[in-house]
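Since the structure comes first, as structure tokens, the remarks are kept for the end.
Where a number appears in this text, it was derived from the coordinates with a stated rule and is not lab data. Quick caveat, the model's predicted, so the values are computed rather than measured. No Cβ is skipped: glycine too gets one built from the backbone with ideal geometry, and neighbour counts run over all protein chains shown.
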Amino acid sequence: MGLDIKLPIGLMFSIFGIILTIFGLCTLNDTALYERSLGINVNLWSGIFMMIFGGIMLTLYLIKKKQKPV
Amino acid sequence: MSATFILSWIDYLIMIVYFVFVLGIGWALKRYMKTANAFLEAGRSMPAWVAGLAFISTNLGALEVMGMTGSGMKYGMLTTHFYWIGAIPAMVFLALFMMPFYYGSKARSVPEYLKLRYDEKTRGLNAILFAVMTILASGISMYALAILMEKVLGWNFHLSLVLSAAIVLGYTYLGGLSSAIYNEVLQFFIIVIGLLPIVILSLKDIGGWSGLQAHLAPIATSRGFAPDTWTSTWRYTQTSTENPMGVEWYSILAGLGFVLSFGYWCTNFLIVQRAMSAKSQTAARNVPLIGAIPKMFIPFLIIIPGVVAMALMNTPGKGFSLPTNEAGQPIYDYTIIMLLKQYLPAGVLGLGITALLASFMSGMAGNVSAFNTVWTYDIYQSYIRPVTGDKEADEKHYLKMGRYATIFGVAVSIAAAYIASKFGNIMDFLQTIFSMINAPLFAVIFLGMFWKRTTGHAAFTGLLTGFLIALLHHGLTYPVGADTFFKGGWICKFHAYPVEMAQNFWTAIFAFSTATIITVGLSLVTKRKKTDEQLNGLVYSLTPRVSEEKVVWYQKSSVLAAFVLTILVVLSIIFW
């Protein structure tokens, strides 16, 4: 298929990552919110993780695109 | 503890982003959908890793995830047999021995393989059964999704049903099989990333693996089992009374590891279709092998949280409990939902809920896209409007029909969902029927691929009698404590099985053996209608061995298969 799946995966997880990282940063001092997650700011950690994952997918997509001339 | 969640704006934001991407993928693929081949077979262009992830993702529906976490709680690590011995050997067998014939024969579906190998009636029987069952299965996932939305998020049942149907229809109508496959891959990643926080947090809460073992020991001994029963896989399977599942090692090996898993993984078109969409023969063989690698690690994601939930529920102060039904019994299927509620704050919670929604929807889309193909090629093209010879016009016509079939399939699924809401047991019923169809089908396809003498009449009769014997066995036996006739014993209560799984296993064994004996017997007395020439590419002994295409060593099927089997052995030893 003409659409490389790495593009939507990379974009979606980058967006998820950015949303959750910002939300995590804004709730850094909200101990009540993170009581159930054992005091860990899971939003921040998941957000960073997803940004990295999304970034890797986008990079792979760009590398592949460069290799194949249109 | 109630199962209702209160979602905040950030959770909805995540959900909306996901739906935008799902529909966006369909929309982006639309311009490539110019022929029936592109729409129904993804143009046979998928890279092996994409098809491989879709391959296991199809089997990772939400009902599966919820059921397996519940089983993890009820039976402990014994549940991993469904992912290890009950899947991996069959996937390796499919890859090495069956894919060359499925892919190489140029058949576009499993029923079409039956037509090429045997005859029209065998294909017809399989195609019609498959089409009906698949659409019912899609309706049932739709129903389960709507029920979950209603109970967990407090949404309106009818609205949830129509909304999910509309989204699935949207992206399958636009992008066909490619769209379904792409969304399955997306779903795979979102499930892994969405559930990972639960695994880490729940294990941390209970004190890691050793803390988990320590918490589980008194629970196991109080129920009359050895202290480490919940964290063992094979150790307590000498007799059926040593483990909570009530099974012995040989019934796991023969029942789950052979009849049930080979029947499911090697013949179910829903699964095989993913591998058939690969871009080359080697890629097609590698699809199940690439899928097998993440498959073996899925238990860590969905079974271990269930095992932890067992410890949590029995540890006062953790505040973990399951909702109960009218009879006061815990509803184990809600384990994963309650864990999400226990550990995830707003934000990642939205991600977890989206992961469950995603797996429901891709389950439906998978069924609809398999239905499309079987309907268009095996029923419509074969019996209603055969090819005219004008290839271009034909492709256009069948593309249109594939699209109509999508709408029709979704509409019937909605109807099936309402039927399911009237008869709660229809799900058990459907699973039972599926196992009755798959076991004889595996016997017939296996004999067809490896014994050139097998004839069409024999295969057809074998399929039919295998199914009828399974039905008869189900009518005569029942699991102890069965409350409805969906569970068996509807002819008379002739024999009782200690657990339902034992009954399923024996149903499959009887169906498989009958189909094998009848097919072999009749093949010997009926005349072969297909010449050696016609069977070239369909039967092992009549197909010239092709050496593998020149690929890097790690892309060789044999190397991958050896790697997969090694991991299987290592995991089994670690969690013995």
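If you take the square roots of the eigenvalues of the alpha-carbon gyration tensor of the range B:1-115 and sort them as a ≥ b ≥ c, do you get rounded (a/c under 1.5), prolate (a/b over b/c) or oblate?
oblate
What pairs in A:LYS64/B:LYS30; B:LYS106/B:LYS550; B:LYS30/B:LYS556; B:LYS115/B:LYS487; A:LYS66/B:LYS106; B:LYS115/B:LYS279 have C-alpha atoms more than 28 Å from each other?
From the list (A:LYS64/B:LYS30; B:LYS106/B:LYS550; B:LYS30/B:LYS556; B:LYS115/B:LYS487; A:LYS66/B:LYS106; B:LYS115/B:LYS279), the Cα-Cα distance tops 28 Å for B:LYS30/B:LYS556; B:LYS115/B:LYS487; A:LYS66/B:LYS106.
For the range B:330-449, what is the Kirkwood estimate of the hydrodynamic radius, computed as the reciprocal of the mean inverse distance between distinct Cα atoms, to one decimal in Å?
18.2
When a/c reaches 1.5 or more, the comparison of a/b and b/c decides; with that in mind, is the range B:391-471 rounded, prolate or oblate per its Cα gyration tensor?
oblate
Based on the alpha-carbon gyration tensor of the range B:204-358 and its eigenvalue square roots a ≥ b ≥ c, which shape applies: rounded if a/c is under 1.5, prolate if not and a/b is larger than b/c, or oblate?
Here the range B:204-358 falls in the oblate category.
Give me the log10 of I(q) over I(0) for the protein assembly as shown at q = 0.08, 0.09 Å⁻¹, as the Debye formula computes it from C-alpha points; what are the numbers?
With one equal scatterer per Cα and no solvent, log10 I(q)/I(0) is -0.58, -0.75.
Relative to the present Cα-Cα distance, how much length would full extension add between B:LYS318 and B:ILE517 at 0.36 nm per residue of separation?
66.1 nm
If you average the sequence gap of Cα pairs under 8 Å that are 6 or more apart and divide by the length of chain B, what percent do you get for the contact order?
28 percent.
May I ask you to work out the translational diffusion coefficient for the range B:181-278 at 25 °C, viscosity 0.890 mPa s, via Stokes-Einstein with Rh from the Kirkwood sum over Cα pairs, reported in whole µm²/s?
Stokes-Einstein gives a translational diffusion coefficient of 145 µm²/s.
Go ahead and set up a Gaussian network model of chain A, Cα springs under 10 Å, then flag whichever of A:SER37, A:SER46, A:SER14 fluctuates most.
Sorting by GNM fluctuation, first place goes to A:SER37.
If eta is 0.692 mPa s and T is 37 °C, what Stokes-Einstein diffusion coefficient results for chain B, Kirkwood Rh from Cα pairs, in µm²/s?
The diffusion coefficient I find is 134 µm²/s.
To the nearest 0.05, what FRET efficiency results for A:ALA32 and B:TRP576 with a Förster distance of 25 Å applied to their C-beta separation?
Working from the Cβ atoms, E equals 0.05.
If I fit a long axis through the Cα atoms of helix B:500-525 and take the longest principal axis of the Cα atoms of chain B, what angle between them do I get, 0 to 90°, rounded to 10?
10
Efficiency by 1/(1 + (r/R0)^6): what FRET value for B:ALA226 and B:TYR383, r their Cβ-Cβ distance, R0 = 41 Å, to the nearest 0.05?
0.10
For the Cα atoms of chain B, what angle does the longest principal axis make with the long axis of helix B:48-57, in degrees from 0 to 90, nearest 10?
60
Name the long-range amide H neighbours of B:TYR497: under 5 Å, sequence gap of 5 or more, or other chain; modelled H, no Pro or chain starts.
Under 5 Å from the amide H of B:TYR497: B:TYR478, B:VAL480.
Partner chain Cβ atoms within 10 Å, averaged over the residues of A:29-38 - can you pull that number for me?
4
Can you tell me the relative contact order of the range A:6-67? Whole percent, Cα pairs under 8 Å, sequence separation 6 or more.
Result for the range A:6-67 is 52 percent.
Roughly what would the spin-label model give for B:ALA327 and B:TRP49, points 7 Å off Cα along C-beta, in nm?
According to this spin-label approximation, the distance is 4.8 nm.
Need one number: nm distance between label points at B:TYR418 and B:LYS527, each 7 Å from Cα along Cα→Cβ, rounded to one decimal.
Taking the simple label geometry, B:TYR418 and B:LYS527 are separated by 5.3 nm.
Modelled label-to-label distance, A:GLN67 and B:LYS34, 7 Å Cα→beta-carbon offset: nm?
It works out to 2.6 nm between the two label points.
Taking loop as defined by DSSP and a crowding limit of 15 other beta carbons within 10 Å, which GluC sites (Glu not before Pro) in the range B:319-395 fit?
Passing both the DSSP loop test and the Cβ count: B:GLU326.
Which length gain, in nm to one decimal place, applies between B:PHE563 and B:ALA393 when the Cα-Cα distance is subtracted from 0.36 nm times their residue separation?
Net length gain for the segment: 56.6 nm.
At a Förster radius of 41 Å, what calculated FRET efficiency corresponds to the Cβ-Cβ distance of B:LYS400 and B:ALA254, to the nearest 0.05?
Once rounded, the FRET efficiency stands at 0.30.
In degrees, nearest 10, range 0 to 90: what is the angle between the Cα axis of helix B:157-206 and the longest Cα principal axis of chain B?
It is inclined by approximately 40 degrees.
Expressed in nm to one decimal, what extension gain is obtained for the pair B:LEU472 and B:VAL552 from 0.36 nm per residue of sequence separation less their Cα-Cα distance?
So the chain would gain 23.7 nm between B:LEU472 and B:VAL552.
Please list the radius of gyration and Dmax for the range A:6-67, considering alpha-carbon atoms only, with Å as the unit.
14.3, 50
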